[in-house]
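Okay, structure first, notes after.
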Amino acid sequence: MQEKRQEEKKPARLGESEYRFACLVWQNEPLASGQLVKLAAQEMGWKKSTTYTVLHKLIEKGILCNQESQVTSLVGQSEVQRSESAAVVDKTFFGSLPGFVAAFLDGKTITPEEARQIRQMVEAYEKGEKG
């Protein structure tokens, strides 16, 4: 009998305004839906209807949850960031991380401290350590 390999489920892709809205939740959760409406009005200039429309979309995508008027996240910000970053590398650089890094650094300078941090991250991943 063959074992089915279960693929890791990646978070749904978010548009820019959806991501900014999710950031409001991540920074303030848990929060009452009414409080979220006020926060979205203050931070993003949104009306109540816009807030609830985007909230509903993010609930459908499995990113947020609204139970008993309490809004919380189901997927963390770092997980969404990883997924979005991987999608950019896959789509724009055909999955080539070195290609992405070369394009990102083209014409930029990094500090010795940033270079040291990047080397440490690469070394940690080579050793199988994450974070």
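The values are calculated or read from the model by the stated rules, or taken from the named source; none is laboratory data. Since we're looking at a predicted model, the values are computed, not measured. Because the Cβ atoms are built from the backbone with ideal geometry, glycine has one as well, and the counts that use them run over all protein chains shown.
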Fill in: Test: Lys127 is at negative phi, out of contact with any strand residue (DSSP E or B) (no Cβ under 7 Å at 6 or more places or on another chain) and at pLDDT 95 or above
no
Worksheet item: Are any residues in the stretch 26-50 in contact (Cβ under 8 Å) with a residue 24 or more places away in the chain, under 14 Å from Asn66 (Cα atoms) and in a helix (DSSP H, G or I), and if so, which ones?
Response: Trp26, Ser33, Gly34, Leu36
Response to the item:
Note on the stretch 51-62: residues in a helix (DSSP H, G or I) and either of a type outside the set (Phe, Trp, Tyr) or within 19 Å of Glu84 (Cβ to Cβ) (or both) are Thr51, Thr53, Val54, Leu55, His56, Lys57, Leu58, Ile59, Glu60
Fill in: Residue in the stretch 19-33 that is surrounded by the fewest Cβ atoms within 10 Å (Cβ to Cβ), counting only those that are aliphatic (A, V, I, L, M) and farther than 10 Å from Glu43 by Cβ
Ala32
Practice prompt. For the stretch 87-95, state whether one or more residues are more than 20 Å from the chain's Cα centre (by Cα), loosely packed, with under 10 Cβ neighbours inside 10 Å and closer than 29 Å to Lys61 by Cβ.
Written response: yes
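So which of Gly15, Gly45, Gly62, Gly76 ends up being loosely packed, with under 15 Cβ neighbours inside 10 Å and at pLDDT 95 or above?
Matching residue, one of Gly15, Gly45, Gly62, Gly76: Gly45.
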Discussion item. I need every pair where a residue in the stretch 98-119 that is in contact (Cβ under 8 Å) with a residue 12 or more places away in the chain has its Cβ under 7 Å from the Cβ of a residue that is of a type in the set (A, V, I, L, M, F, W, C), sequence separation at least 6 or different chains.
Written reply: Phe100/Val89; Phe100/Phe93
Item to complete: Working carefully through the options Ser69, Ser73, Ser33, find the one that is at positive phi, touching a helix residue (DSSP H, G or I) at 6+ places or on another chain (Cβ under 9 Å) and not assigned by TED's automatic domain parsing to the domain that holds Val122.
Response: Ser69
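Conditions tested, residue by residue: (1) part of a loop (DSSP other than H, G, I, E, B); (2) closer than 28 Å to Arg20 by Cβ; (3) within 23 Å of the chain's Cα centre (by Cα).
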{"position": "Ala102", "(1), (2), (3)": "no, no, yes"}
{"position": "Glu113", "(1), (2), (3)": "no, no, no"}
{"position": "Ile118", "(1), (2), (3)": "no, yes, yes"}
{"position": "Val122", "(1), (2), (3)": "no, no, yes"}
{"position": "Tyr125", "(1), (2), (3)": "no, no, yes"}
